[in-house]
Amino acid sequence: MTDIRKHYIDCGQGHVFTHFDSLSEAEQQTLLSQATAIDLGEISELVATLIHSPRTGSENEGDDLSPADYIPMPGHCESADPSLWKEATKRGEAALRTGRVAAFTVAGGQGTRLGFDGPKGSYGVTPVLKNSLFQVFAEKILATNRIFGRPVPWFIMTSDLNHEDTVAFFEAHHYFGLIPERVHFFRQGLMPAVDAEGKILMAERGEIALSPDGHGGALRALVRSGSIRLMEADGIDTISYFQVDNPLVRCLDPTFIGFHLMNQSDLSSKMVPKAYAGEKVGVFCQRDGKALVVEYSDLPERLAGACDANGELRFKSGSIAIHVFNRDFIARLGGNGEGGAALPFHLAHKKVPYIDREGVRHEPTAPNGYKFEMFVFDALPFADHPVIIETARADDFSPVKNAEGVDSPQTCRDDQLRQYVRWAREAGIEIETDHSGLPPFAFEISPLFGDTPARFRKSWEALPHKPGLTEGVVLV
Ligand code: UTP
């Protein structure tokens with residue numbers, strides 16, 4: 001018997017090898033290498049703390065929380081200082097010009113809610129051309145490259161479940177015009193799913209049910225994959241982080257980058273005021289002098305609904321998963337010991353198809369398994385000088401999460417159209433819309449034509465023959 005099998009038996013996970021002897025040699029090798037990569041000590045500790053004795057909230061839960069400070073945006077708040085924002089923009093522009101910034105997308109998720117067959121980044125989102133999320137980001141990065149005269153490197157985190165398909169998608173689209181050597185793919189870590197007793201679930205007779213270890217796995221994956229070393233060799237010390245599902249994001253926002261650098265921040269974040277008390281977004285808070293994000297499900301109702309003297313939500317800073325990281329901070333946090341797991345794991349109760357000990361396949365209709373995930377915002381309490389700046393939701397955030405309803409392809413398409421209309425109106429173009437700013441037809445503005453209102457106006461004014469903005473018109 002191999003040592004690894006014995007180790008699994010000793011740890012109460014011997015069932016993983018129930019069908020081992022009937023597997024082909026190749027299947028046996030696959031199972032052995034999967035099993036070897038799993039830290040059973042870590043799993044049993046997670047099972048003990050998260051499943052068997054979960055933390056229960058006390059009555060005073062949250063009494064030690066206060067709202068986190070943030071830098072208000074001019075136009076949104078009287079106390080905002082426009083000169084500070086201008087200075088930040090200049091600092092960020094200088095950083096882009098000197099080539100010290102990388103773009104970083106986490107794209108290792110399973111996208112189960114959207115239910116699209118393929119990497120989520122290959123999903124078509126734009127109103128007319130249905131360009132993919134990856135293409136939208138690529139064009140934004142290309143636009144930045146042209147403006148600042150530097151090819152910004154783009155790091156993309158995948159997982160074993162979508163790595164090959166993601167790379168193939170970029171190859172099939174010739175990297176959307178980017179220099180292929182400046183696009184770096186790397187895989188995140190995987191964690192086994194377990195049942196309510198903490199037993200590892202099997203996806204096949206010779207395959208453990210593994211899933212990506214959460215977007216927080218990005219930190220250790222950046223270190224383990226050698227990406228951090230690559231950045232260092234390339235003179236990159238500032239990493240602009242965004243998620244694959246949000247085409248509105250400003251991938252390389254000079255002002256945000258500038259605030260991050262001016263404050264010598266380890267980790268900076270964008271916030272939007274929550275739309276209503278029960279909105280399902282994490283909230284920026286402060287505890288013991290440290291900033292942190294409290295998930296909506298963990299924020300006691302009495303705090304989520306609390307108002308200040310002006311009748312505004314007290315805990316109003318919603319997190320939209322847009323950050324800038326300092327490279328050395330990631331090296332420190334992601335490289336902590338062999339496991340590098342400075343970030344805590346969270347539990348997700350999900351439907352996990354599995355094979356039982358008799359070899360029978362089950363397709364559960366209700367959650368039967370637990371997955372372990374790290375969240376990137378859990379890095380915040382470890383950060384020195386964290387900066388949180390306000391942004392306009394309409395200009396930074398409209399994720400595609402669900403197939404229908406909120407945060408779906410339809411809401412995202414509409415938000416893109418509303419943004420195009422705002423830019424067009426700022427440039428003096430008249431467009432009829434409904435009360436929400438939505439035009440009755442679809443048109444499209446490529447980031448290569450204009451990725452800000454000012455650059456849109458410039459390109460528009462330079463057009464010798466200006467098209468009417470009507471159904472199907474695309475400005476590239
Ligand atoms: P979500 O939390 O929305 O998860 O990810 P998801 O996997 O995309 O979708 P569901 O929950 O299965 O429907 C937010 C971002 O974090 C990335 C996703 O790719 C997305 O960009 N992510 C998530 C990872 O890179 N790895 C993970 O393990 C989880």
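The values are calculated or read from the model by the stated rules, or taken from the named source; none is laboratory data. All figures in this text were calculated on a predicted structure; none of them were measured in a lab. All Cβ positions, even for glycine, are placed from backbone atoms using ideal geometry, and neighbour counts span all protein chains on display. Side chains included, ligands, DNA and RNA excluded: accessible areas come from the protein's heavy atoms. Shrake-Rupley method; radii C 1.70, N 1.55, O 1.52, S 1.80 Å.
Listing for the model above:
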{"item": "Over 20 Å (Cα to Cα) - which of Lys280/Lys401; Lys86/Lys270; Lys90/Lys270; Lys130/Lys280; Lys199/Lys350 fall in this group", "result": "Lys130/Lys280"}
{"item": "Beta bridges by DSSP in the chain, antiparallel share as percent, to the nearest 5", "result": "60 percent"}
{"item": "Within the range 38-130, GluC sites (Glu not before Pro) in DSSP loop having at most 10 other beta-carbon neighbours inside 10 Å", "result": "Glu59, Glu78"}
{"item": "Within the accessible area of the chain (1.4 Å probe), percent carbon and sulfur", "result": "49 percent"}
{"item": "Cα-based Rg / Dmax (Å) for the range 1-116", "result": "26.0, 71"}
{"item": "Heavy-atom accessible area per residue - the range 195-242, 1.4 Å, Å²", "result": "34 Å²"}
{"item": "Paired Rg and Dmax values of the range 163-220, which use every Cα atom, in angstrom", "result": "16.3, 50"}
{"item": "Listed residue (Ala348, Pro273, Phe377) projecting farthest to the positive dipole end of the chain, Cβ model", "result": "Pro273"}
{"item": "The range 103-151, Cα convex hull volume normalised per residue, Å³", "result": "84 Å³"}
{"item": "Calculated FRET efficiency for the pair Ser24/Thr56, C-beta based, R₀ 45 Å, to 0.05", "result": "0.45"}
{"item": "Alpha-carbon Rg with Dmax, taken over the chain, Å", "result": "23.6, 77"}
{"item": "Å² of accessible area per residue within the range 10-155, as computed with a 1.4 Å probe and no ligands counted", "result": "51 Å²"}
{"item": "Cα centroid separation - the range 295-370 against the range 99-117, whole Å", "result": "16 Å"}
{"item": "Normalised per residue, the volume of the convex hull around the Cα set of the range 167-269 (Å³)", "result": "178 Å³"}
{"item": "Stretchable slack from Arg314 to Gln264, in nm (0.36 nm times residue separation minus alpha-carbon distance)", "result": "15.3 nm"}
{"item": "Segment Thr36-His362, extension gain: residue separation times 0.36 nm, minus the distance between their alpha carbons", "result": "114.8 nm"}
{"item": "Probe 1.4 Å, accessible area per residue of the range 300-429, Å²", "result": "45 Å²"}
{"item": "Whichever aspartates and glutamates have a C-alpha closer than 14 Å to that of Lys290, once near sequence neighbours (fewer than 8 apart) are set aside", "result": "Asp64, Asp69, Asp266, Asp378, Asp384"}
{"item": "Over the range 287-398: Rg over Rh, Cα atoms, Kirkwood Rh", "result": "1.08"}
